Amino acid sequence: MNALILTCLGLPLLGFLLIFLSEANEKKIAFISYWSSHALGISIITLLTLWAIAGFPNYEYQWLTLYETDDYKFPLLFYLDRISAVYLFCTWAIFSIIVKYCRYYLHREAGYKRFFLTIFSFVFGLNLVILSGSIDILFAGWEIVGISSFLLIAFYRHRMQPIRNSLRAYTIYRFCDIGLLLGSWMSHLLFHESQHFSQLANLFNNPAMPPASYGSLWLISTLILIAASGKSAQFPFCFWLPRAMEGPTPSSAIFYGALSVHLGVFLLLRTIPIWSYNYVTRWSVFNIGLLTVIFASISEKTQSNIKGKIAYGSITQVGFMFMELALGLETLVLIHFLGNAFLRCYQLLVSPSIVVHLLRVEGAIDSDFYIQNNTKFQFLSPSLRSIIPDILKNTLYVFSLQEGCLELLVRSVLWTPLKRVGSAINAMKSSKKFVYIFGSFGLLGLIIFSLGLTTKYFAYPVSILMVIASLSAFSQKHSPYSVWNAIGLSSTLAGAAVWFLNPEALFDIVIFASGIVPAWALGIFALNRLLKNNNFSESPFAYRALSETQPKLSLLLFLSFLGLVGFPISPAFLGEDLLLSHASSEGPWFAVPITIAFVINGIAAAKVFQRLCMGSPNELNITAIEVKTISSDAEVTHGLTSE
């Protein structure tokens, strides 16, 4: 079984590498994807068969230890139980259907190779989440799924709306990472070496002696619930999923209809011993599901496209799953997941054919054509047919059109305050920033040395500067170099703050820096080459589509972006976990600013990558012409005024 678990993880990765190394030839890519999906299916069926013969045990397998010190251990741990078995089977079945479908659906599509690369990376990340034995491994797969989603929503990168919607979804994903990162940190802090999923249930066997205080359990439960709600588009994050349907129909089916949207449910199933212990959290899970059902059901009524209606239908069913989990109906949730996943996948795959068929029917008849049949209640009087007052109908109609104003609410609460602070920082002159920073450090140093305190207290201002640098990168619009340098500075300050907290952590800080510094340097090199003959400040809001004209440099910038955000291919991923581990032992307060900084840095880097590498090649020329026209008009106006 151990070899089969590794095979289930390795085959999607192998398929990704083979497609990446192959030519952009549809037959070769289709051949690789076809046999990779079949080999994955054989591995999963064999694994589940052996697992069933063994009596359906909760099976844990530790492959190797990635890094270990006296007080820290990062094992590559995998876990198979009935939850992962159901999700694993469903993943293979839907993935095989999508691969078969896409071999013909995307025929002659310009991004044929890019699509299959992203789908295979998604399945690798999803299998890693499903088979993860600890929250650290789960987070690694979680990140891979998030990046794959970001790329597939913006698959049609010549159109602005898919690009914007991909960033909208990615910002929600990154915000959810706050919950998962801090949840991982708290699991290390509270459960120490017992944070494995196989051990969680045993920690709560004695109701009279919980492994932590009720306040701590409530906090970690809330963090897990934030991560699950964002990933599954639950209240108040319902708005991003219909916009994520901008990608190709097959990616919408596998991501937002069938699999990715249910990862929040999977996270709650995995961590159910933690959050179900507290009835307040159970009540919160139930209420979030209930509010989601209400908001999604109303918002679905005014969707003008079929994929948007299916998206809200999927969100509604996941809301019901949240309610079932709160009531302790785990088996029902798994059955509900299978039914909803296969149904939404089918609906999305046939939706183009249905739309085409209805358009043909509409064109073939001479009278008005309505899909819904409203004649079945015509025998009733008007007062009985409509018991809702007109004013309430109109209110609900506007409410549905605005989708409950949830996006406006989230933006005003989360992102607008951060942008305002960052804009205020960027508006300050460099000399004033220099005076404030060094003046504050000098004053603090004087106080520390005069009172005989340790240098540990320097970690406080350094952590504040770290967040300030991240906010500056987040709000910077006119200079990609400033964004990249601010992200690099923020990461450097994170390492410095940990060093002030614990000077013995120098080697762990070097591991973190070994991922950040090369990624930053690679990004600066790529930016220098990409913007060599390009004045970014003239049109900072244009999408430059440099991936079309300079694909190799765009790939280098993308790899730099992955390194800066701590993607699992980089040592920075392990380094982030090490920094949070030292924070938990030396200064638990430090976990919050470092997590916020990491999340904001990822969003800022994604914005730069989009502006430079995505878009239509003609957009920049049009924007430049508009700028020149405006400048010429201004000069003429100025000349006429002077005369």
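The values are calculated or read from the model by the stated rules, or taken from the named source; none is laboratory data. Since this is a predicted model, take the numbers as computed values, not measurements. Don't worry about glycine lacking a Cβ; one is built from the backbone with ideal geometry, like all the others, and counts go over all protein chains shown. Keep in mind that these areas ignore ligands, DNA and RNA; they rest on the heavy atoms of the full protein, side chains included. Shrake-Rupley method; radii C 1.70, N 1.55, O 1.52, S 1.80 Å.
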Would you mind finding the one in L348, L358 that is touching a residue at least 40 places away in the same chain (Cβ under 8 Å), in contact with a Phe, Trp or Tyr (Cβ under 9 Å, 6 or more places away or on another chain) and in a helix (DSSP H, G or I)? L348
With the condition being closer than 21 Å to A473 by Cβ and open to solvent by 60 Å² or more (accessible area, probe 1.4 Å), I'd like the helices (runs of 4 or more DSSP H) fully within segment 387-448 carrying at least 1 qualifying residues. 416-427
Those residues that are without any contact (Cβ under 8 Å) to a residue 60 or more places away in the chain and either touching a strand residue (DSSP E or B) at 6+ places or on another chain (Cβ under 8 Å) or within 13 Å of L126 (Cα to Cα) (or both), I need them from segment 86-104; list them, please. F89, W92
Somewhere in segment 568-576, is a residue in contact with a Cys (Cβ under 8 Å, 6 or more places away or on another chain), touching a residue at least 60 places away in the same chain (Cβ under 8 Å) and either in a helix (DSSP H, G or I) or closer than 12 Å to W484 by Cα (or both)? no
May I ask you to verify whether N534 is open to solvent by 30 Å² or more (accessible area, probe 1.4 Å) and among the polar types (S, T, N, Q)? yes
Single match in A542, A513, A526 (criterion: within 17 Å of L489 (Cα to Cα) and either touching a residue at least 12 places away in the same chain (Cβ under 8 Å) or part of a helix (DSSP H, G or I) (or both)): A513
Please enumerate the residues belonging to segment 119-150 that are out of contact with any Ser or Thr (no Cβ under 7 Å at 6 or more places or on another chain) and without any contact (Cβ under 8 Å) to a residue 40 or more places away in the chain. G146
Got a number for residues in segment 46-57 being open to solvent by 10 Å² or more (accessible area, probe 1.4 Å) and either at pLDDT 95 or above or assigned to a helix (DSSP H, G or I) (or both)? 7
In the list L200, L268, which residue meets the criterion of being at pLDDT below 85, in a helix (DSSP H, G or I) and open to solvent by less than 40 Å² (accessible area, probe 1.4 Å)? L200
Every listed condition ((1) open to solvent by less than 30 Å² (accessible area, probe 1.4 Å); (2) among the polar types (S, T, N, Q); (3) in a loop (DSSP other than H, G, I, E, B)) holds for S304 save (1)
I'm trying to understand the selection: among the residues of segment 25-62, which are of a type outside the set (S, T, N, Q) and in contact with a Phe, Trp or Tyr (Cβ under 7 Å, 6 or more places away or on another chain)? E26, I29, L40, G41, I44, L48, W51, Y59, E60, Y61
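Could you please give the count of residues in segment 575-603 that are of a type outside the set (S, T, N, Q), modelled with pLDDT of 85 or more and under 17 Å from L493 (Cα atoms)?
14
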Which one of the conditions (1) in a loop (DSSP other than H, G, I, E, B); (2) modelled with pLDDT of 95 or more; (3) of a type outside the set (D, E) does Y277 fail to meet, given that it meets all the rest? (2)
Mind listing whichever residues of segment 100-132 are among the basic types (K, R) and assigned to a helix (DSSP H, G or I)? K100, R103, K113, R114
Looking at L167, is it of a type outside the set (S, T, N, Q) and either modelled with pLDDT under 90 or over 25 Å from C90 (Cβ atoms) (or both)? yes
Could you look through segment 449-477, keep only residues that are modelled with pLDDT of 85 or more and either open to solvent by 80 Å² or more (accessible area, probe 1.4 Å) or of a type in the set (D, E, K, R) (or both), and pick out the one that is farthest from G495 (Cα to Cα)? K477
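In this structure, does S43 turn out to be over 23 Å from R344 (Cα atoms), at pLDDT 90 or above and touching a Cys at 6+ places or on another chain (Cβ under 6 Å)?
Spelling it out, S43 is indeed over 23 Å from R344 (Cα atoms), at pLDDT 90 or above and touching a Cys at 6+ places or on another chain (Cβ under 6 Å).
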Quick one: count up the residues across segment 60-88 that are under 30 Å from T331 (Cβ atoms) and outside any strand (DSSP E or B). 8
Just checking, which of L493, L489 is open to solvent by 70 Å² or more (accessible area, probe 1.4 Å) and closer than 15 Å to I596 by Cα? L489
Among the candidates I294, I224, single out the residue that is at pLDDT below 95 and under 25 Å from T91 (Cα atoms). I224
Among L564, L555, which is more than 20 Å from T171 (Cα to Cα), touching a Ser or Thr at 6+ places or on another chain (Cβ under 9 Å) and either open to solvent by less than 10 Å² (accessible area, probe 1.4 Å) or at pLDDT 85 or above (or both)? L555
Selection from segment 517-540 of residues that are over 17 Å from K607 (Cα atoms) and among the β-branched types (V, I, T): V517
Spot the failing condition for Q317; the list is (1) at pLDDT 90 or above; (2) closer than 24 Å to E143 by Cβ; (3) not hydroxyl-bearing (S, T, Y), and only one is missed. (2)
Which condition does T331 not pass, out of (1) at pLDDT 90 or above; (2) within 23 Å of P242 (Cα to Cα); (3) out of contact with any His (no Cβ under 8 Å at 6 or more places or on another chain), if it passes all the others? (2)
Test each condition in (1) surrounded by 18 or more Cβ atoms within 10 Å (Cβ to Cβ); (2) within 30 Å of L612 (Cβ to Cβ) for I509 and report the one that comes out false. (2)
Inside segment 5-38, can you point out the residues that are in a helix (DSSP H, G or I), more than 22 Å from C90 (Cα to Cα) and among the aliphatic types (A, V, I, L, M)? L17, L18, I19, L21, I29
What's the number of the only condition in (1) small (G, A, S); (2) open to solvent by 30 Å² or more (accessible area, probe 1.4 Å); (3) under 25 Å from I137 (Cα atoms) that A24 fails to meet? (3)
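Restricting the search to segment 155-184, which residues are closer than 23 Å to G264 by Cα and either open to solvent by 30 Å² or more (accessible area, probe 1.4 Å) or among the hydroxyl-bearing types (S, T, Y) (or both)?
Result: S166, L167, R168, Y170, T171, Y173, F175, I178, S184.
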Of everything in segment 574-613 that's open to solvent by 10 Å² or more (accessible area, probe 1.4 Å) and of a type in the set (A, V, I, L, M), which residue is farthest from L152 (Cα to Cα)? V592
